[in-house]
Amino acid sequence: ASVDSAQINLENGSERISIDSSVNLNVTINKNRELLGCSFVGSGKIRYEKIDASFYLDDLKIESLNVKGIPAKYQQKIGTIAESLLKDHFAKKPVYRLNQNSLKIQLTKAVLHKVNIINGRLHVYLGY
């Protein structure tokens, strides 16, 4: 899969990060490789792991999904399967990792302890 575009939103009154994305999927249908366009809107909770200076998405939920070329009657089932796969994927694979090469980032890593979203705002907790 490859991501064509992704928009991240923090919505007022929410503790979740919202993602609006377009993705190209390489799938095999009847032994033929097909490229399917897919768009989805989802949300998750941000988690920072200090040990590897990485950000993860937990509790991912897909609010809407449209896979081009797939009949509407199958979209909900595909959405349920995709949500389960993506939830597992993003809980284990970071969506962003702080680059360890610059002094500024190394200092940030040293004091950054936790991030979360409260009422649509990103809260960053620093300390030693």
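The values are calculated or read from the model by the stated rules, or taken from the named source; none is laboratory data. This one's a predicted model, so the numbers in the text were calculated from it and none came from an experiment. Note that we place each Cβ from the backbone using ideal geometry, even for glycine, and neighbour counts take in every protein chain shown. These accessible areas exclude ligands, DNA and RNA; they are computed on the full protein's heavy atoms, side chains included. Shrake-Rupley method; radii C 1.70, N 1.55, O 1.52, S 1.80 Å.
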Go through the range 1-34 and report how many residues are open to solvent by 40 Å² or more (accessible area, probe 1.4 Å), of a type in the set (Ser, Thr, Tyr) and under 18 Å from residue 84 (Cβ atoms).
0
Can you confirm whether residue 37 is within 13 Å of the chain's Cα centre (by Cα), open to solvent by less than 90 Å² (accessible area, probe 1.4 Å) and of a type outside the set (A, V, I, L, M, F, W, C)?
no
Could you give every pair whose Cβ atoms fall below 6 Å, whose first residue belongs to the range 15-29 and is assigned to a strand (DSSP E or B), and whose second residue is among the hydroxyl-bearing types (Ser, Thr, Tyr) and surrounded by 15 or more Cβ atoms within 10 Å (Cβ to Cβ), counting only separations of at least 6 or pairs across chains?
18/43; 22/39
So how many residues does the range 42-79 have that are farther than 17 Å from residue 124 by Cα and open to solvent by 60 Å² or more (accessible area, probe 1.4 Å)?
11
Which ones in the range 89-128 are among the hydroxyl-bearing types (Ser, Thr, Tyr) and assigned to a strand (DSSP E or B)?
96, 125
Pull up the range 80-97, narrow it to residues that are out of contact with any Asp or Glu (no Cβ under 9 Å at 6 or more places or on another chain), in contact (Cβ under 8 Å) with a residue 24 or more places away in the chain and open to solvent by less than 80 Å² (accessible area, probe 1.4 Å), then point me to the one that is nearest to residue 17 (Cα to Cα).
95
